[in-house]
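The values are calculated or read from the model by the stated rules, or taken from the named source; none is laboratory data. Fair warning: this is a prediction, and the values are worked out from it, not measured in the lab. Here Cβ is always computed from backbone atoms with ideal geometry, including for glycine, and neighbour counts include all displayed protein chains. Surface areas here come from the heavy atoms of the whole protein model, side chains and all, with no ligands, DNA or RNA. Shrake-Rupley method; radii C 1.70, N 1.55, O 1.52, S 1.80 Å.
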Amino acid sequence: MTNHRIDDELRRAIGALDLAGLRARFVEQDEFLFLPAFLPAPVRAEWTKALAALRPHVHRNFVPGHKKGGSVDFDTLSRRAPAIRAVYASPAFLDFLRALTGAPLGYCPESDLHRCALYAYTEPGDRIGFHYDRSYYRGRRYTVLIGLLDRSSSRLAYRLYTKVPGRPPVEGAVATPPGCLVVFNGDRLYHAVTPLGAGEERFMVTMEYVTDARMNPVLRFVSDMKDALAYFGFRNVFGGRLRLAPPR
Ligand SMILES: [Fe+2]
């Protein structure tokens with residue numbers, strides 16, 4: 001399926017949504033929205049095919065006490081699963097996200113391997129503890145998650161209003177079926193993924209959009225180290241850049 005066709009499918013699906021209603025819910029939930037069914041069926045079918053091409057490229061990682069799972073970085077995903085990259089890059093999808101969030105969203109720079117990536121939960125106990133998706137950029141960072149496959153009892157658990165003074169937090173948890181959509185401001189939604197059970201698996205696509213893609217070099221380094229240690233490995237994060245270093 002061409003990028004153009006994927007964009008058309010998304011434009012049609014988005015056209016059928018009650019955008020004003022979704023925007024109101026997004027604002028009311030302190031910049032968080034969950035839609036159990038979003039991705040059009042033909043695109044979902046392309047994604048399912050793409051998963052087979054990505055499975056051999058999952059990089060496993062483990063942060064004691066916090067996180068266990070696997071990931072595929074943007075460059076690998078881009079080469080092996082163009083139908084996933086096409087949704088990230090779709091103009092119709094970006095327009096929708098701008099309207100939903102009311103924020104002047106743009107893409108992350110090419111150096112950010114996290115801008116569109118795959119999370120793989122495939123072994124018992126795979127999970128991630130409660131955290132914010134902190135923005136290392138000068139602008140705000142919005143996280144978009146789209147379900148790819150879910151044969152699991154894992155839940156996306158969240159706590160709303162943790163940064164709203166005087167408002168008691170509200171907890172929730174949702175299953176993330178294929179094609180579901182999650183959109184939130186990474187600095188405001190406190191969230192986790194509950195542990196995978198035996199014989200289960202769960203794959204999610206994560207995307208990142210920002211209101212200002214500039215980042216100071218120290219934070220760039222912190223962000224890269226986090227990606228290397230917790231997600232994609234040093235070779236994937238720093239490999240290409242080290243080759244570009246001038247000879248001494
Ligand atoms: Fe997160």
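Limited to region 194-235, what total is found for residues that are touching a Phe, Trp or Tyr at 6+ places or on another chain (Cβ under 9 Å), in a helix (DSSP H, G or I), among the charged types (D, E, K, R) and within 16 Å of the ligand (Cβ to nearest atom)?
Here the count works out to 1.
Within region 191-206, is there a residue that is within 25 Å of residue 59 (Cβ to Cβ), of a type outside the set (Ser, Thr, Tyr) and touching a helix residue (DSSP H, G or I) at 6+ places or on another chain (Cβ under 9 Å)?
Yes, the conditions are met somewhere in region 191-206.
Test of understanding: among 86, 99, 81, which residue is more than 22 Å from residue 176 (Cβ to Cβ) and at pLDDT 95 or above? Working first, answer last.
Details: 86 fails: more than 22 Å from residue 176 (Cβ to Cβ); 81 fails: more than 22 Å from residue 176 (Cβ to Cβ).
Unique residue meeting the criteria: 99.
Can you find a residue that is in contact (Cβ under 8 Å) with a residue 12 or more places away in the chain, open to solvent by 20 Å² or more (accessible area, probe 1.4 Å) and touching a Ser or Thr at 6+ places or on another chain (Cβ under 9 Å) anywhere in region 73-83?
No: zero hits.
Would you mention how many residues in region 96-140 are touching a strand residue (DSSP E or B) at 6+ places or on another chain (Cβ under 9 Å), polar (S, T, N, Q) and away from the ligand (no atom under 15 Å from the Cβ)?
Residues that pass the stated criteria total 2.
Restricting the search to region 178-193, which residues are within 13 Å of the ligand (Cβ to nearest atom) and part of a loop (DSSP other than H, G, I, E, B)?
186, 187, 188, 189 - these are the residues of region 178-193 that are within 13 Å of the ligand (Cβ to nearest atom) and part of a loop (DSSP other than H, G, I, E, B).
I need the full set of residues from region 156-168 which are in contact (Cβ under 8 Å) with a residue 12 or more places away in the chain and away from the ligand (no atom under 16 Å from the Cβ), in order please.
Result: 161, 164.
What number of residues within region 102-116 satisfy the criterion of being at pLDDT below 95 and in contact with a Lys or Arg (Cβ under 6 Å, 6 or more places away or on another chain)?
1
Please work out which one of (1) of a type in the set (A, V, I, L, M, F, W, C); (2) open to solvent by less than 20 Å² (accessible area, probe 1.4 Å); (3) touching a Cys at 6+ places or on another chain (Cβ under 7 Å) is the condition residue 47 fails and give its number.
The failed condition is (3).
Yes/no matrix, rows are residues, columns are (1) open to solvent by 20 Å² or more (accessible area, probe 1.4 Å); (2) in contact with a His (Cβ under 9 Å, 6 or more places away or on another chain); (3) small (Gly, Ala, Ser):
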residue: 147; (1), (2), (3): no, no, yes
residue: 154; (1), (2), (3): no, no, yes
residue: 159; (1), (2), (3): yes, yes, no
residue: 166; (1), (2), (3): yes, no, yes
residue: 202; (1), (2), (3): no, no, no
residue: 223; (1), (2), (3): no, yes, yes
